[in-house]
Every structure is written in structure tokens, then in C-alpha cells.
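Undergrad: For reference, the structure I am asking about is given below.
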Amino acid sequence: MKLLRDLPFLVLALVMLAVPARAAGQWKILTEENPPFNGVRNGKPYGFAVDVVREILDRLGRSESVEVLPWARAYHFLETEPDVFLFSTMRTRQREDLFHWIGPLQVVEWGLYARKDNPESVRSLEAARSVGRIGATRKTAEAQYLRSLQFENIEISNSFEANLRKLLAGRVDLWVHFEPGLSELFEKVGAAADSVRREVLIGRRYLYIAASDKTSATTVNRWRGAFQDMIEDGTFEKLRSRWFGPVPQLSLRLLTEGAPPSSYMLGDEVSGYSVTVVREILRRLQVGAEIEMSSWSRGYHRIKSSAQPMALFAMSRIPQREELFKWVGPLYFQNWAFYARQDSDLEISSLDEAAAVPRIGTYREDAKELYLRTHGFSNLVQSKDNVAAVRRLVAGQLDLWVASDFKVPCIVAQAGIDPQDLKQVLNFKSVGDFIGFSLATPDSVIRDWQDVLDDMRQDGTLDFLLQRNRFGTFCDH
């Protein structure tokens, strides 16, 4: 009787012994067997995502090791403990608010697979409700997604291998999984890679490092910062290429201008917030393209008249330009305003009053200049760029200067002017800045870029990059 009474405590003790204790402040770094992203080889963790995580830990000066556990068990730790990091975790609507996210590491396509010799074909996700059984793996995003759609024919297994074996043996009719990674799984179960076919493409999802909800914001931001550093210094792409090969290079030409903090030259590198966003779009699309620096006027005319796919960023989207380009954005929003010298007694409260001022500084092909001209302004004085315009204002050669609040701090720093020497006298319009594509650019390219940018806005990447880049290295100098 005493043994029976003590049994629950004995079970609990055995469970606790099976979970290695952590020292205070130590992180639990977990992954699963799912090559080529993560797995075990010769008793040690390996894979693309393992390499990325180890690099992050090294940059953060940490020595935690990576533990490989069954997915359901690792996921349980992620749900219940602080300072747990699990990869590679698919980011979905069902999981969005449960964890913190670092990444993405890689994009995958997930769908429903059938045996190649199965004569029955399933043409849609809805049609899959009528099949006998769909194999899914416990606690995975795929299983959670099908359950959220009220699928009642799901058969759960504990591993990807078990599900694949069930499909090949005819014990399930369909299997929900993703690729890349299928070839390694087929090799493990000793089956030919062409023994199944994908029946339905459900969609594209990103794999991330997930941090448990109880992990501090400071710790998560350190991981995010280290990950972004890897992207910007090229380390991430070197690791990705080692596992998946080089990305295809686009024939699409990408132009930008010297307009900090949006875009500027930092040594020999094109840098800035908008440049970082465009590079992240390319990374998520798994393609490559060079970004060229151009004067605004030259780049604007090249894009407007190009018979080839080209893009220029960041471009203010205004009605006068709407039909001249195809648009992806917005990358950010800015306020247009008139600025005067601090010692000026000039006061204006409307565009009509501004139109009566003798001299307002602009630069060629600028959206603000175009906007003001279409509103009857005949007092605009062109300069070659914004730096020249603000210098003319401070020298007394202009009465007002029209500029964007987003760019003013960096322009003033570049011009060597004390910000206290200027004052804003009228904020008159809020505008979104976009990537402007030539009309020759295929609509499919526009859709793909916009979809990725929307993902970046929703997952917080745009806000993170904006805070990181808005007043960065260029403005500091």
C-alpha cells in the first residue's frame, strides 16, 4: 500500500532526473531531429540552424550546448520554462503570441503528400477532409494548423520518420510536411525520394528560433541583434550557402540614392535602413541582387523610361507618380515640412502663405518639389541635393527649405550644421516612401516583394530595423 501511495512521487522524481538541472541564468537551447536544419550526426548536433545558433551564442559570449530532443518534449519546455530557445520552429498565427521570435532562418513550403503509386488524387486542402487519414507529427505547426481548420481525420505520430513510414506502408492516405529536408528524411528510412508526390501546396512559412514567453525582452533583443549582425556582415549567407548552395542572382537592377538614414555609402558599402529592408526581402525570397548608388535625378529617369525590370528606392508615392511606376511598400512614413533659420522671424500657417515666400529650397526631381509645383509654387530654387539646399538656407540664400523630418537629422549632420540653427515652421503633408519599380517589371515580382514586406511588417522586423538604423553610423558622424 505504501508503494502505491508513493508511486506518484517516484514517477515525478524519475522525470526530474531525466531533465538536466540548469544553473541560474543558464539558457536551455533545444532542437529536434530534422536535417538539414538540425539533427544528430556521430552523436553530436549538426545542421544549418545549429551552425547559426552556435554563431549567435559565440557572439553573445555564451557556452551553452545544443540539446536534441523529441519535438513534443522540447516544445513542452518552450511552453513552460523561461530562457528556453527552440529551433527550427515554424512561425504561425496559432503560435504568434505564445513565444518571442528570432529570425527567420529559412523559408519552407509545406503541403500534403501522397504515395506516388496512389491512383487517387487530392486537388485541394478542402478535398483532403474526405480522405481516410492524414499523418501529422505531434505539437508541430502542421498538426496545429489542420486542427485549427477542424480537420477530424488527423492521425498523430511522435516523429517525422514515423509519419513517412506510415505513408509508405499505406497506413495513412496523406502526410503533411514541408521541404527542403525531404531527401535526408527519405535516406533515414531507406526509401527512394521519388516515392511520394506533393498533392497540395498549403503555403510558405518561415522557420525561426523561438524563445519562451517568460524569457526577458533584454535577452531576446540580444539574440535579435546578434542575428542581424550576422546578416549584415555576411556570416549568415556564408552558412546558408554551405548547406543549400548559392542563391540565384536576379537580373533585376536595384538603385538607390544618397539619402541618409534611408540609404548612403558607408565606406565601400551601400547601407541604411531602406537598404537593409531590401536586402532582407531578397534574403527571404532566397535570391540575390546588387544595389547600386545613383544620383536621384539620374536614377529616377532611368527607372521611369526603362524597358527592363528595375527599381529605385526609397521613393515617395504621390498622385503625380502613381501611374509611372509599380509600387511595393511602404518602407516608412515621413512628414514633409518647411524649415527656416532659427533667427528668422518668418511665420507661415498654410501652403498659400508658403507660396508667397520669395525663395524655397528644393532639389531636382524631388517628390516635394513636384508636389509644390503642381500646387502653383513658382518660388522654388533648385539645388543639386538636400545638403546643398540646407547650406544655402543657413547662408541666407534661401528663406525656407522643404525637407522630410525622417531625413533632416542626417542631412544636417552631413552638411556640418548645428541642428539648433534650424526650426520647423510648417508641417504640411505625411507621405509613405516605397520601392518604385519600372512598368516593365512583371506583376509576379511585385506580388512576391509585397507579400514578403507585409510579412516583415507583421512580424516586427520593420520596426526592429527602423530602430536599429534610423540614427545609425552615418548620422553619428
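Undergrad: Filter region 260-300 down to the residues that are acidic (Asp, Glu) and assigned to a strand (DSSP E or B), then identify the one that is nearest to TRP449 (Cα to Cα). Before the answer, list the steps.
TA: Start the filter on region 260-300 by keeping residues that are acidic (Asp, Glu), which leaves 268-269, 280, 290, 292.
Still in the list and also assigned to a strand (DSSP E or B): 269, 292.
Values: GLU269: 23, GLU292: 19 Å.
Taking the candidates together, the pick is GLU292.
Undergrad: How many of the residues in region 204-218 are buried (at least 17 other Cβ atoms within 10 Å of the Cβ) and not aliphatic (A, V, I, L, M)?
TA: Qualifying residue count, region 204-218: 5.
Undergrad: Does region 27-48 contain any residue that is within 25 Å of GLY181 (Cα to Cα), in a helix (DSSP H, G or I) and modelled with pLDDT of 90 or more?
TA: yes
Undergrad: Taking the conditions exactly as written (of a type in the set (Ser, Thr, Tyr), in contact with a Lys or Arg (Cβ under 7 Å, 6 or more places away or on another chain), outside the structural domain of ARG284 (by TED's automatic domain parsing) and in contact (Cβ under 8 Å) with a residue 40 or more places away in the chain), does SER195 satisfy them or not?
TA: Taking the combined requirement at face value, the residue satisfies it.
Undergrad: For region 287-311, name all the residues that are closer than 21 Å to SER241 by Cα and touching a helix residue (DSSP H, G or I) at 6+ places or on another chain (Cβ under 8 Å). I'd like the intermediate steps shown before the answer.
TA: Initially, region 287-311 is screened for residues closer than 21 Å to SER241 by Cα, giving 287-291.
Result: GLY288, ALA289, ILE291.
Undergrad: Just the residues that are closer than 23 Å to ARG41 by Cβ and either assigned to a helix (DSSP H, G or I) or in contact (Cβ under 8 Å) with a residue 24 or more places away in the chain (or both), please, taken from region 63-76. Break it down stepwise before answering.
TA: Going residue by residue through region 63-76, those that are closer than 23 Å to ARG41 by Cβ are 63-75.
Selection gives GLU64, SER65, VAL66, GLU67, VAL68, LEU69, PRO70, TRP71, ALA72, ARG73, ALA74, TYR75.
Undergrad: May I pose another question? From the set of residues in region 114-128 that are touching a helix residue (DSSP H, G or I) at 6+ places or on another chain (Cβ under 8 Å) and outside any loop (DSSP other than H, G, I, E, B), which is nearest to PHE99 (Cα to Cα)?
TA: Among those that are touching a helix residue (DSSP H, G or I) at 6+ places or on another chain (Cβ under 8 Å) and outside any loop (DSSP other than H, G, I, E, B), it is ALA114.
Undergrad: On to the next question. Might you check whether a residue that is buried (at least 19 other Cβ atoms within 10 Å of the Cβ), more than 15 Å from ASP366 (Cα to Cα) and of a type in the set (Phe, Trp, Tyr) occurs anywhere in region 280-299?
TA: Checked region 280-299: no residue is buried (at least 19 other Cβ atoms within 10 Å of the Cβ), more than 15 Å from ASP366 (Cα to Cα) and of a type in the set (Phe, Trp, Tyr).
The values are calculated or read from the model by the stated rules, or taken from the named source; none is laboratory data. Note that the coordinates shown come from a computational prediction; the quantities given were computed from them, not determined experimentally. Neighbour counts run over all protein chains shown; Cβ positions are idealised from the backbone, glycine included.
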